[in-house]
Amino acid sequence: MNEYPYFRALAKEFDHALVAAVVLMGSYARGAAGPYSDLDLIRFTIDDTAVLPDSGSHLIDGRLVVVSDVTPSQTEAAFTRPEVAVETIRGLRSGRALIDRTGLFRTIQNRANAFQWDEEMQSKANQWASGQLVGWIEEVYKGLAGLSSGDTGRLLHVLRLFLGTDTRPLRPEGCSPQRRQRPV
């Protein structure tokens, strides 16, 4: 990783007293970054109440740098909640510690490398998936009701759910919309 010194310097810019580790994740950590890849920095906090400055997206040296904070309870969820594990374990395995002053990330990564999907996790996954399916079935029924009654609003709501869009505009944390005054 020939950019490792740059990444370490960048990690120092986002370091904080409440941070145990700053880790490079995603395509840069895997060595698969392309010209339009964002640079993902994850800060592992020392406790669940830590609220850190500078979380969010930054444009630095022409690169999109995304800084996210992970608390101890969120880390634990990666190993105990199946819907989190499927999204997290792979990334933890390939992450590159840039700052790891207490060895916390090394411990987390060792745990991720040893992680096994066992019967207990499968049982939790089955229960979670069942709940998700029941929720989607309910939404399908709402959509059918909207379709049969001509209720366009209800139908559009369900379509947005299925298309993965939301009825509210997306606004990343830390970004606020431009305020414009209305003409008088």
In region 101-111, the residues that are surrounded by fewer than 19 Cβ atoms within 10 Å (Cβ to Cβ) and touching a residue at least 12 places away in the same chain (Cβ under 8 Å): R101, T102, R111
Looking at this structure, is R90 surrounded by 15 or more Cβ atoms within 10 Å (Cβ to Cβ) and among the basic types (K, R)? no
Within region 1-33, take every residue that is touching a helix residue (DSSP H, G or I) at 6+ places or on another chain (Cβ under 6 Å), small (G, A, S) and not in a helix (DSSP H, G or I) and give me the one that is surrounded by the most Cβ atoms within 10 Å (Cβ to Cβ). A21
Could you give every pair whose Cβ atoms fall below 6 Å, whose first residue belongs to region 122-137 and is over 19 Å from F162 (Cβ atoms), and whose second residue is outside any helix (DSSP H, G or I) and aromatic (F, W, Y), counting only separations of at least 6 or pairs across chains? none
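Quick note: the coordinates plus some simple rules give every number you see, no bench work behind them. What you are looking at is a predicted structure, and each value in this text was computed from that prediction instead of being measured. Positions of Cβ are backbone-derived with ideal geometry, glycine not excepted, and every protein chain shown enters the neighbour counts.
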